[in-house]
Amino acid sequence: MDARDVALLERAVELAERGRRHVSPNPLVGAVVSRDGQVLGEGWHAELGGPHAEVQAIAACGEQDLTGATIHVSLEPCCHQGRTPPCTDAILAAGLARVVVASDDPSTKASGRGLGILRDEGVQVASAPADSPVGLRARRQNQPFRKHARTGLPWVMMKTATSLDGRLATHSGDSRWISSGPSRDLAHQWRAEVDAVVVGIGTALADDPQLTARVPGVARQPRRVVFDSEARLPLDGRLVASIDEAPVTLITSRAASRSATEALTASGVEVVVVSGQNEHSRVRSALAELGQRDVTSLMLEGGSHLAGAFFDAGEIDELRLFVAPLLLGGRQAPGLIGGEGVERIADAARPVELTRQAVGDDLLTIARLKEW
């Protein structure tokens with residue numbers, strides 16, 4: 001690979017972003033067809049079930065003869081029949097001589113197979129180093145897809161807002177609004193990008209939220225998920241009332257009354273019963289259930305109790321924390337993460353990447369805790 005390859009891979013990663021909000025559970029993918037560094041056609045995976053990026057880029061070349069040309073792709077080309085035919089077939093049919101990829105596909109149906117098929121057919125293959133800037137960017141672009149492919153579980157992004165002294169609310173439970181208007185607007189954009197939004201029953205009862213993404217151009221509203229061990233979710237609440245707008249899934253336990261779960265089911269709520277010896281084992285069971293429903297990403301918006309269960313389970317992949325210029329105080333005011341926590345500072349979760357930026361009057365810290 002040379003500098004020209006890197007530039008074209010960067011362009012492919014940039015194109016892939018155009019599919020965000022539209023292609024999950026598929027990955028974001030962009031592609032560029034070129035000859036001697038001159039771009040002949042570009043494409044990206046634009047919608048679930050639609051043509052993949054490689055096919056779009058080849059089609060964008062029109063009637064040009066592509067024999068001997070190169071295609072740069074942000075993700076390893078697929079080689080299996082899914083919602084669409086294999087991209088390796090399209091590459092071979094077009095006569096492309098070289099394929100350059102920014103990142104691997106860790107799914108069992110791919111994982112190097114596509115590149116192996118192309119090599120066997122005489123196509124030159126090159127891959128960006130995993131630790132290179134473009135390689136990292138391409139992998140980080142598809143963290144939900146990568147985690148789901150490897151574990152069957154959704155990627156978990158925890159979003160929350162605290163005061164300067166680390167409080168989620170006052171001692172009386174008042175939390176509206178700790179974060180600024182621009183911060184809340186940004187959180188709605190994040191909702192539009194994930195497959196599910198998760199809260200605990202405490203938040204559902206206290207706030208009666210709708211949990212939809214209220215931003216223009218939302219292709220699909222996220223699934224609303226409530227952790228509610230006793231099935232106390234009100235039938236007359238906003239979540240159930242808006243069930244035609246987006247599905248609602250209730251994660252409950254065997255302790256929930258049959259009459260309550262039957263009433264929720266009759267109202268259109270999907271009730272999922274999970275078991276486990278403790279809260280964090282039940283979190284993992286719930287995530288496995290959601291993963292089976294093609295939920296590859298979720299935003300955790302619950303309070304301290306639910307955040308603690310996810311933290312103890314080791315299932316927070318990224319934290320997005322708004323810190324507002326407020327001091328609340330109070331021994332009974334809830335903190336950021338409950339649960340058991342760690343015993344020693346040496347056991348603390350430490351981010352692999354940390355960024356900070358101002359959003360309105362708040363400071364947003366994004367802590368990437370895991371790489372997939």
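Miscellaneous remarks
- Of the criteria (1) in a loop (DSSP other than H, G, I, E, B); (2) in contact (Cβ under 8 Å) with a residue 40 or more places away in the chain; (3) under 21 Å from residue 24 (Cα atoms), which one residue 231 fails: (3)
- Looking only at the stretch 310-340, and only at residues there that are free of Cβ contacts under 8 Å to residues at least 60 places away in the same chain and under 23 Å from the mean Cα position of the chain (by Cα), the one that is surrounded by the fewest Cβ atoms within 10 Å (Cβ to Cβ): 314
- Looking across the stretch 108-147, just one residue is in contact with a Phe, Trp or Tyr (Cβ under 6 Å, 6 or more places away or on another chain) and either farther than 18 Å from residue 30 by Cβ or outside any helix (DSSP H, G or I) (or both), and that is 147.
- Condition met for residue 150 (in contact with a helix residue (DSSP H, G or I) (Cβ under 9 Å, 6 or more places away or on another chain), in a helix (DSSP H, G or I), surrounded by fewer than 21 Cβ atoms within 10 Å (Cβ to Cβ) and charged (D, E, K, R)): no
- Residue match in the stretch 82-90 (condition: modelled with pLDDT of 95 or more, crowded, with 19+ Cβ neighbours inside 10 Å and of a type outside the set (Asp, Glu)): no
- Annotation: residue 101 fulfils all but one of (1) modelled with pLDDT of 95 or more; (2) surrounded by fewer than 24 Cβ atoms within 10 Å (Cβ to Cβ); the unmet one is (2).
- Test: residue 211 is at pLDDT 90 or above, loosely packed, with under 14 Cβ neighbours inside 10 Å and not polar (S, T, N, Q): no
- If the condition is being in a helix (DSSP H, G or I), under 22 Å from residue 145 (Cβ atoms) and small (Gly, Ala, Ser), then the stretch 286-309 contributes 286, 288, 291.
- Residue within the stretch 159-175 that is buried (at least 19 other Cβ atoms within 10 Å of the Cβ), within 25 Å of the chain's Cα centre (by Cα), of a type in the set (A, V, I, L, M, F, W, C) and under 30 Å from residue 361 (Cβ atoms) present: yes
- Residues (modelled with pLDDT of 95 or more and either over 25 Å from residue 179 (Cβ atoms) or outside any strand (DSSP E or B) (or both)) located in the stretch 353-369: 369
- The residues on offer are 74, 24, and the sole one that is in contact with a helix residue (DSSP H, G or I) (Cβ under 6 Å, 6 or more places away or on another chain), touching a residue at least 60 places away in the same chain (Cβ under 8 Å), hydroxyl-bearing (Ser, Thr, Tyr) and under 30 Å from residue 221 (Cβ atoms) is 74.
- From 220, 224, 191, 214, residue being assigned to a helix (DSSP H, G or I) and under 25 Å from the mean Cα position of the chain (by Cα): 191
- Subset of the stretch 241-279 [among the hydroxyl-bearing types (Ser, Thr, Tyr) and touching a helix residue (DSSP H, G or I) at 6+ places or on another chain (Cβ under 9 Å)]: 249, 252, 253, 267, 275
- Residue match in the stretch 170-188 (condition: touching a residue at least 40 places away in the same chain (Cβ under 8 Å), touching a Lys or Arg at 6+ places or on another chain (Cβ under 8 Å) and closer than 26 Å to residue 229 by Cα): yes
The values are calculated or read from the model by the stated rules, or taken from the named source; none is laboratory data. On a predicted model such as this, the values are computed, not experimentally measured, just so you know. Using ideal geometry, Cβ is built from the backbone for each residue, glycine included, and neighbour counts are taken over all protein chains shown.
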